[in-house]
Amino acid sequence: MSRAVKKILIVDDSPTERFVLTQILAGGGFDILTAESGEEGISRAKQLQPDLILMDVVMPGTNGFQAARTLARDVATRDIPVILCTTKSQASDKVWGMRQGALDYLTKPVDGSMLLAKIATLG
C-alpha cells in the first residue's frame, strides 16, 4: 500500500544529524517530526503515525535495530516504512538492519539527493 510521504519522523540522538536531515528534507515540503531516542521514536511513531521514519542505529538505550524491530512487529506501526541512516557501513550491518524490518539502509553522511530519490519511490 503506497501513499504519498508527507510526514517524516527523524529519530537520532545527535542534534547535528537531526538538523542535517531536516535541512535535506526542508526543501521537499515535508512535515518533519523528531525524536531523540529509540524509545521516543517508537512512542512518537505510535502517536503521530508518520508516513516514513528515518532512524539512526547507534543511540543510547534502544538502538535503531531494536526500535525498527519493535515498530515492524507492532500492528499500529508495522506499515510505516523505516529507513536506517547510520555510520555503521558494514554489509553485515545492512543485512541485519533489513532483517529487523527496515525498508532501506543509508550510510552517513547521508547523500541528500539519494535520500530524496528513495522517498520519492515510496509515494
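Residues that are touching a Gly at 6+ places or on another chain (Cβ under 8 Å), surrounded by fewer than 17 Cβ atoms within 10 Å (Cβ to Cβ) and under 14 Å from Leu21 (Cα atoms) are absent from the stretch 106-114 altogether.
Modelled with pLDDT under 95, basic (Lys, Arg) and closer than 20 Å to Ala4 by Cβ: which single residue out of Lys118, Lys94, Lys88 fits that description? Lys118 is the lone residue from the list that is modelled with pLDDT under 95, basic (Lys, Arg) and closer than 20 Å to Ala4 by Cβ. No other residue among Arg69, Arg3, Arg44 is farther than 19 Å from Thr107 by Cβ and either in contact with a helix residue (DSSP H, G or I) (Cβ under 8 Å, 6 or more places away or on another chain) or modelled with pLDDT under 95 (or both) apart from Arg3. Total residues in the stretch 75-122 satisfying the condition of being small (Gly, Ala, Ser), assigned to a helix (DSSP H, G or I) and over 17 Å from Gly38 (Cα atoms): the figure is 6. The criterion of at least 2 residues that are surrounded by fewer than 17 Cβ atoms within 10 Å (Cβ to Cβ), hydrophobic (A, V, I, L, M, F, W, C) and without any contact (Cβ under 8 Å) to a residue 40 or more places away in the chain is met by the following helices (runs of 4 or more DSSP H) wholly inside the stretch 9-74: 15-26.
Each residue in the stretch 37-58 was checked for being of a type in the set (Asp, Glu) and over 12 Å from the mean Cα position of the chain (by Cα), and 2 of them qualify. Taking each residue of the stretch 99-110 that is among the small types (Gly, Ala, Ser) and looking for partners that are surrounded by fewer than 17 Cβ atoms within 10 Å (Cβ to Cβ) with beta-carbon atoms closer than 8 Å, six or more apart or interchain, yields Gly101/Arg73; Gly101/Arg78.
The values are calculated or read from the model by the stated rules, or taken from the named source; none is laboratory data. Please read all numbers here as calculations on a predicted model, not as lab measurements. Positions of Cβ are backbone-derived with ideal geometry, glycine not excepted, and every protein chain shown enters the neighbour counts.
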